[in-house]
1. Can you give me the number of residues within segment 221-252 that are out of contact with any Asp or Glu (no Cβ under 9 Å at 6 or more places or on another chain), modelled with pLDDT of 80 or more, open to solvent by less than 10 Å² (accessible area, probe 1.4 Å) and of a type in the set (V, I, T)?
2. Scan R23, R18 and give me the residue that is modelled with pLDDT under 85 and open to solvent by less than 70 Å² (accessible area, probe 1.4 Å).
3. Filter segment 84-109 for residues that are assigned to a strand (DSSP E or B), more than 16 Å from I61 (Cβ to Cβ) and either modelled with pLDDT under 85 or basic (K, R) (or both) and give the result.
4. Where in segment 1416-1498 are there helices (runs of 4 or more DSSP H), lying wholly inside it, with at least 3 residues that are among the polar types (S, T, N, Q) and touching an Asp or Glu at 6+ places or on another chain (Cβ under 9 Å)?
5. So, in segment 67-82, exactly how many residues are in a loop (DSSP other than H, G, I, E, B) and surrounded by fewer than 16 Cβ atoms within 10 Å (Cβ to Cβ)?
6. Just checking, does segment 469-483 include any residue being surrounded by 24 or more Cβ atoms within 10 Å (Cβ to Cβ) and among the polar types (S, T, N, Q)?
7. For segment 498-505, check the following and say yes or no: at least one residue is among the basic types (K, R) and either within 29 Å of the chain's Cα centre (by Cα) or open to solvent by less than 10 Å² (accessible area, probe 1.4 Å) (or both).
Amino acid sequence: MLLNLLYVYPQSLNFSSRQGSVRNIAVKVQFMAGEDPSQALPVIFGKSSCAEFMQDAYTPIIYHNKSPEFYEEMKMRIPANLTDNHHLLFTFFHISCQPKQNTPLETPVGYTWIPLMQHGRLRTGSFSLPVSVEKPPPSYSVLTPDVQLPGMKWVDNHKGVFNVEVTAASSVHTQDPHLDKFFTLVYVLEEYSFPFRLKDVIITEANMEGELKASMAALRGALLDTCVQFLHQLLNKLIQLIIYPPVIAGQIVNLGRAAFESMSLLVNQIHKNLEGIQDQHGRNNLLASYIHYCFRLPTAEPAIPPTAGTQSYEMPMQYATLSRTTVRPSSLHLSRSKSISNSNPDLASTPVSPDEEVQRIIGSKGIDRSHSWVNSAYAPGGSRSVLRRNPNSSCELKQAKDRSCNRMSAFLDSVALFSVPTRQITKKLLHEELALQWVVSTSAVREAALQQAWFFFQLMTKSMTHHLFLTSKLDVARRQRFPDRFVDDIAALVCAISADIANRYQKDVELVERLNSSLAFFLNDLLSLVDRGFVFNLIRSYYKQIANKLHTAQNPSSLNALRVDFTRIVCSHEHYVVLNLPCSTLSPPASPSPSTSSTTSQSSAFSSMVQDQGVATMFELSVPFRQQHFLSGLLLTELSLILDPDGEGVFFLHKKAISAVHSLLCSHDADPRYTDPQVRAHIAQLYLPLIPIVMDTLHQLHDFSDSSPARCRLAAAHADDADPDSGSTISQSVAMAIAGSPLPHVKANPFALPTVAGRQSSSLSAECSRTLLVSFLWVLKNADAALLERWVSDLSVLQINRLLDLLHLCVSCFEYKGRKALERINSLTFKKSQDMKARLEEAILGTIGARQEMVRRCRERSPYGSQENVRWRKNVTHWRQNTDRVDKTKAEVEQESVVDGNLATEASLIVLDTLEVVVKTVVASELKESVLGGVLRVLLHSMAGNQSALFLQHCFTTQRALVFKFPEMLFEEDTELCADLCLRLLRHCSSSVGSVRSHASASLYLLMRQNFEIGNNFARVKMQVTMSLSSLVGTSQNFNEEHLRRSLKTILTYAEEDLELRDTPFPEQVQDLVFNLHMILTDTVKMKEHQQDPEMLIDLMYRIAKGYQNSPDLRLTWLQNMAGKHSARGNHAEAAHCLVHSAALVAEYLNMLEDCRYLPIGCVTFQNVSSNVLEESAVSDDVLSPEEEGICAGKYFSESGLVGLLEQAAASFNMAAMYEAINEVYKILLPVHEANRDFKKLATVHGKLQDAFNKVYNQSSGWERMFGTYFRVGFYGCRFGDLDDQEFVYKEPSITKLAEISYRLEEFYSERFGDDMVEIIKDSNPVDKNKLDPNKAYLQITYVEPFFDTYELKERITYFDKNYNLRTFMYCTPFTLDGRAHGDLNEQYKRKSILTTSHAFPYIKTRINVIHKEEIILVPMEVAIEDMQKKTQELAFATIQDPADAKMLQMVLQGSVGTTVNQGPLEVAQVFLSDIPDDPKLFRHHNKLRLCFKDFTKRCEDALRRNKALIGPDQKEYHREMERNYNKLKEALGPLINRKIPQLYRTLPALATQTQRNSFSRSSLRRVDC
């Protein structure tokens, strides 16, 4: 946009010395093209009420002031071509404020002017001008007012009295002396106008070269904003001087070096000072837009020097050619006239004349369109064209979209805007000169060029493209397009830059990253322009430089990251597939650049099939593979080495390498050129080694499943799986260039990553694992099936099982999680957490420095987010989206869920196809038995997840075919597979999708039929189906009963209409099975009704398990279901007992199968663990024999199953803190390990026992462990149904308060029956149901404590003993005879209620019903005895406590002998001991109470003595006070406790019926309710 504005600011005027009436002053400003008044130009912008442009402008009038100051701005649009006559004219007027007759309104009182052009420059700045009293004389405009003109009168003796400032905003006039001088000298050269006066210097032919070079060197001192404003013109002139070196006075003046230095420093300065306008790749937008939009190779011949009729010159202008002539000008500072390449003097050649060289360049003997844009999808407007433009230039978007040009075709498109000249102009070629000057540059110039390497690389690339177009060489063979000298210069340049990357990667991190990317993109572009074999050699040179540095580098991860980025960029070429020769055999090709047209290349590239060759070589990174498929070999080798667990492949390297492969595969998949399946099969051949690479990485992949035994098995076997022929060892030679010439053998592997001693293999993140598995599945999907079959046939059993494990993991990885899961997971939470974890690991390991981290953070602040997987674009295009947005709209979530579902289906179908390939391969081999089980496991795993109906239909078809072909796999070998298959089929029989139910029903029926045909019964399937349904009912949350009933009806219909088996018992057996399944479903309905009632739910499960008492497999299943429910609720003790019962059941039937001395003899062996376990005894008449078909066929009915159950039980006991029970479990387990001589497990068991005993010892008091709290709960009311009038003892978590369980039960039953329908009975008295409302539900909840008789306490010593195997509980209720709860001491009675439960706690349930209840009534004196015994025990405990607790002791003492409570014990004694009771039955109670008081006073005395030893001086008075109180109490109690009842000491006749009294045999005052 042309901008040429001038701003004039009159500031002040001093007319104080001016004679005459000069007071009201105004200034008129005019822009004059000449001296005549009519030459005033209308260029002054008018004010709002005036015309748009005016010829003059006035300042406001300053009234009565001879020295006015002005604040006016005049804006002018000046002509582009100014001459020496253009000037600003200022006229000063005196304005008459009181007009008089014959007196003019305006009287001119002065004149001054400013010539606008001086020495070819626009004059701006502040001026102090003298003012003339008279009009200026003729020809004044070429002079300044400072010149003393003769005959003119000046104000104040020619002093400067008028101050004015002139500024310009112009894209025509630079207003910078350095730029002005440079442009002027270039103009002088172009016009050849010697001599030329430039200020005080006369420019002649003799000093022209020196002045021009000095002006170019001085450009670095120019103002930055001016340089930016005139950047395009400046660069064009510098490029022109490079391309057209002038001939002055008969000598060629080679300005290439000076121009390159100026360009390098200028570009670097602009980049450094304009950091705010850089894109995410560090490229300055201004410089990028210059290359894309402005740069053109000059095509018109410079103006011919004028002939006769114009000014004559000494010599006509001439231009040098590209050739390095034998006589080179001294100004070039080079003396390499005998070498082809000035950057490589070792390459000698015979020099040729300029004309010969030009003819050789232009001449073409062959046509090579192999990778031109003719007929290419990447041509402008082609289907694969890429939009690349400046994001800041919106006006170009539509044009760019219409052109749809990519990076190279954009250059061609810009060249096509002008025509090819009619004759070849001899000139230097910019790309050749840039390469030459860059190679020979040194110090600061070279550093500046390296800083902005991308600019020069792109400039060279566009120049090369324009050159090929202008010279019509796009059809010339690639080797003939450019001279060897230029090729050698490029090779030297790439080698030097590669060395810089290798040597400076630690010091200049940001520079090296930019340089590495720029070099990679340059080589990428060269693949479209020059010989491909040459470019591959350049890539090899880069790899060699990096490899030499890798083995001595302190931080090899950074170098590896650079190499991965380099490889990714190079591989992003538009013809990457063809470059890898996907259809040729694994042998060196004859030519690196086949002379075929691009049309033929594209159409015939995939026409030939793979010839006979070693299939194994195609699936490994062998030397032939890397020679033939050069680029893909590089990429896969990088991936293999980075994923190598022995290499230092840290997180960010994993991500880079995997993303590089993934992005390439994505581009292939989306490319319309490669939609044909045959084409894709050939492309997949380029990535076949990826399959074994991922297989070798299996143990490093993220585990997407909750439990994966196959993965554990693989990890254990991985260390022994060192196959030397697996292709994981990379050959020491790099890859051979496509040309077929072998590369020199190097001692060190240039690809290998240095190993770190003692470093554990790092695991891949979930994101990297998922991306890698996607790539793996893509190759499997598109690879030729016949080729896969041949490869699988050569694999060992271990490798095939590893492949199956990998497919198992793929199913877990891509399982559809559902829309709710996607909404719940934030789009960046997982990624950022993984990234932060990885960065923390990198910081700890020292693999990334602080500077690198800072650079990365700065880069991540880009508004466009991470672009790692996207090829570098010249500009940010409209399709690039910001993926870092956290919140997603509903439509986006919907779309994401659809994509996720489609991906899950696609991945599962690929896995299914691969399984069929494996089955087809191994069916005829000896590996069938060891592989088919793994195939079925993967199939079952895929059926277990959330799958689409489409996949399930295909999956069921494959499963039916597999079962039909190999029935022995299910019915004769592995019982676990049959059980899992039945479970999966039953689960899908309850599906809500009709087609899925139909297929699942058919599969289940055919499974039964197959089993029946083998042995005339299907007992195994019958048992497994029943067990599976039981398991499904107990564990599945979304189980649908109605749908399952429909499926069962379908199965019954199949059996009834099966004509072949109609006369067999099969239909009847199917009918019986369906009936049993319906019964289980009926129980399921009840269980669903009580899903929110955990106690009732467990009771129902217990009832179902009880019903399977004679079916050991089913009972075991339900016991395990109960264990799972208990574990989920945190009831570990109950879960442990479920497992103990399961183990006892297994032991009972194992004992019936075989008599093994080291195995338990049955459930009797488990009595020490739990007294409840005897109910697992198999002693009834209808117990099934374990020898029957299908009975005890589960995996747990074996020695290993028993060991597993016992170990699980021990683990649950450990979580429940019941360490003593662990010992009893291991007592059963140890003989098994001892018999098997399994010393490793013995060591483990003894270690766990040691830990358990240490915990018991360290918690000897027992108070550290809280085993549970018990409550009696009574249910009253018909609303409770079966629970009416039932009493239970509930076991609640430790420290549960009465209010907590009351609130829980009240809330639950209120929600069930209604808020007003449930009441809590507050007391513990017997409930009279006649007084209750029959329409309401009543709960009576009482806290109970374990109760032990005296003889039991002798055996229950420890805290654990007193909280294990509990069957009796007690609670107390105070009352008086008149109905009150509390009364005087002589009226207070107490009722002790003792409850006995049906089983001992802990049990497999948390509530057990009460089967026995008895009550003991204590008379008031017995109540007093209990109270005094309790006080005495408290005193004794506080006294003997070690370590002593002084505060606790004083509190107990204060409550016993303090003055405030003296009446407590004393009043009891006075009430009950003052008189001898009349009733002889109370004599012994009287005597016992008297002895209690004696013991009480003794304990008080002991406590005082202990307190005296503990107190300090400050508590002595307090202690003396307690002693006085004690003495008073003792004195008052003395007469009472010393009185004896004479009758007790008389000889009494022996009672024949007297027996020892205990809590079970005592009959006095006892009421028993049975």
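The values are calculated or read from the model by the stated rules, or taken from the named source; none is laboratory data. What you see is a predicted model; the values in this text were computed from it and never measured. Glycine gets a Cβ as well: all are built from the backbone with ideal geometry, and neighbour counts include every protein chain shown. Surface areas here come from the heavy atoms of the whole protein model, side chains and all, with no ligands, DNA or RNA. Shrake-Rupley method; radii C 1.70, N 1.55, O 1.52, S 1.80 Å.
1. Qualifying residue count, segment 221-252: 1.
2. Among R23, R18, only R18 is modelled with pLDDT under 85 and open to solvent by less than 70 Å² (accessible area, probe 1.4 Å).
3. None; the set is empty.
4. Details: elements: 1420-1440, 1446-1457, 1463-1473.
Passing ranges, in order: 1420-1440.
5. So the count comes out to 7.
6. Among the residues of segment 469-483, not one is surrounded by 24 or more Cβ atoms within 10 Å (Cβ to Cβ) and among the polar types (S, T, N, Q), which makes the answer no.
7. Our first condition is that a residue be among the basic types (K, R); within segment 498-505, this holds for 504.
Adding the requirement that they be either within 29 Å of the chain's Cα centre (by Cα) or open to solvent by less than 10 Å² (accessible area, probe 1.4 Å) (or both) leaves none.
No, segment 498-505 contains no residue that is among the basic types (K, R) and either within 29 Å of the chain's Cα centre (by Cα) or open to solvent by less than 10 Å² (accessible area, probe 1.4 Å) (or both).
Per-residue answers, yes or no, for (1) among the aliphatic types (A, V, I, L, M); (2) outside any helix (DSSP H, G or I); (3) surrounded by 15 or more Cβ atoms within 10 Å (Cβ to Cβ); (4) in contact with a Gly (Cβ under 6 Å, 6 or more places away or on another chain):
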residue: P145; (1), (2), (3), (4): no, yes, yes, no
residue: D156; (1), (2), (3), (4): no, yes, no, no
residue: E165; (1), (2), (3), (4): no, yes, no, no
residue: V186; (1), (2), (3), (4): yes, no, yes, no
residue: F194; (1), (2), (3), (4): no, yes, yes, no
residue: E211; (1), (2), (3), (4): no, no, yes, no
residue: L219; (1), (2), (3), (4): yes, no, yes, no
